[in-house]
Amino acid sequence: MQDILKIYNVKVFGLKSALTPIVFMHGFGTNQDIWSQIIPIIRGYRQCITFDNAGAYHDGQIPYDIELYKNFDGYVSDLLQIIDALQLSSVNIVAASLASVTAFKFSVEHPDRVKSVVTIGASPRYMNDISTKYVGGFTQESLAGMLGYMKTNYEDWVRAFCSQTKAIDPSEKVVNQLLHNLLNTDPDISYHISESMLRADFRHLLPLVPCPVLLLYSRNDMSVPMSVSLYLEQNMPQAKLVVLVGALGHFPHVTNSDQVASELFSFFDE
């Protein structure tokens, strides 16, 4: 079981206390270093755990199995093994982007192991659904075009994606990490993670999420429109949406880390 801690570069910050620890999970194209501005603020208050998702790049490619992770089951299994290896009875989860689905799914399948969930830029479905008037942000055509570009010109796609990100999220840290990680990640792994994420539909899980959920959203998120955050709040029993005033883009945990940390303190103290 200890091998799981090495495979996913699990790091523990702060000492155990009576307070429930926080597990931080990063999104697509980044690794656990994306939390480096948040952890120093939180670690003196609660124990913090970070790790690298399967398929991420962090001084090397983290193992990834296409069949295991296509329905997010592998991510849920990894999280459970990490919590077990650290001998934690329950945790709070802070999840960015892609990892938000893992947090929702984990809370449904292991309700006794999760006290609460915080998400940043979460989406249960990225594609629009005309039949239910759901606006996820992508049409079938735009999604097919993006995935086709990614498949045939991966390096060009990476640079274009990073340029689009920089236009909204001017943080050099975000752009540099995305560029470095994505260019060093196996293109087939990046493509599969993207396709699995963008074609997935986890809306059915939302009414089943058993714990309090804080939804953090910043405007001008090029991956997730505001309508998705409103949908999440309306369809989870204990969800609360907070729009981060002044924050823009998909990475407020980097560009507005003090603001995000303040929301975490308030939420976990409730």
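Please treat every number below as a calculation from the coordinates, not as lab data. All of these numbers come straight from a predicted model, not from anything done at the bench. Positions of Cβ are backbone-derived with ideal geometry, glycine not excepted, and every protein chain shown enters the neighbour counts.
Starting from the amide H of V114, placed 1.01 Å from N in the peptide plane, find each other amide H under 5 Å away whose residue is 5 or more places distant or on another chain.
V91
Tell me which DSSP H helices of the chain clear both cut-offs, 20 Å or more of axial length from alpha-carbon atoms and a mean Kyte-Doolittle hydropathy of at least -1.0.
Qualifying helices: 154-168.
If the elastic network links every pair of Cα atoms under 10 Å, which of D201, D73, D59 fluctuates the most in the Gaussian network model of the chain?
Fluctuation is largest for D59.
Out of all DSSP beta bridges with both ends in region 57-144, state the antiparallel percent to the nearest 5.
20 percent
To make sure I understand, if each residue's beta carbon is the centre and we count other beta carbons within 10 Å, what order do V228, V175 fall in, fewest to most?
Taking fewest neighbouring Cβ atoms as first place, the list is V175, V228.
If a/c stays under 1.5 just call it rounded; otherwise compare a/b with b/c (prolate if a/b is bigger, oblate if not). Do that for region 12-93, with a ≥ b ≥ c from the square roots of the Cα gyration tensor eigenvalues.
Here region 12-93 falls in the oblate category.
Across the Cα atoms of the chain, what radius of gyration and what greatest pairwise Cα-Cα distance (Dmax) are found, in Å?
17.2, 51
Taking other Cβ within 10 Å of each residue's Cβ, how do D78, D84, D112 sort, fewest first?
D112, D84, D78
Would you pull out the residues with amide H under 5 Å of G249's amide H, same chain only if 5 or more places away, H placed 1.01 Å from N?
R219, N220, D221
Over the C-alpha atoms of region 77-123, what are the Rg and the largest Cα-to-Cα span, Dmax, in Å?
10.1, 30
Please compute the alpha carbon radius of gyration of region 230-270, then divide it by the globular-protein estimate 2.2 N^0.38 Å. Two decimals is fine.
That ratio works out to 1.27.
Where does the Debye-calculated log10 I(q)/I(0) of region 63-184 sit at q = 0.12 Å⁻¹, using only Cα point scatterers of equal weight, no solvent?
So the normalised log intensities work out to -0.62.
So what's the Cα pair-distance distribution over region 1-140, bin width 5 Å, in %?
The distribution over region 1-140 is 2, 9, 19, 22, 21, 13, 6, 4, 2, 1, given as percents.
Going down the list K16/K70; K115/K166; K6/K70; K133/K240; K16/K240, which pairs span over 25 Å between their C-alpha atoms?
In this structure, K16/K70; K115/K166; K16/K240 exceed 25 Å between Cα atoms.
In Å and from the alpha-carbon atoms only, list the Rg and Dmax of region 131-178.
Looking at region 131-178, its Cα Rg and Dmax stand at 13.5, 40 Å.
In µm²/s, what is D for region 153-270 at 37 °C and 0.692 mPa s, where D = kT/(6 pi eta Rh) by Stokes-Einstein and Rh is the Kirkwood radius from Cα pairs?
204 µm²/s
Of M127, M236, M25, how do they rank once you tally other Cβ atoms within 10 Å and put the fewest first?
M127, M236, M25
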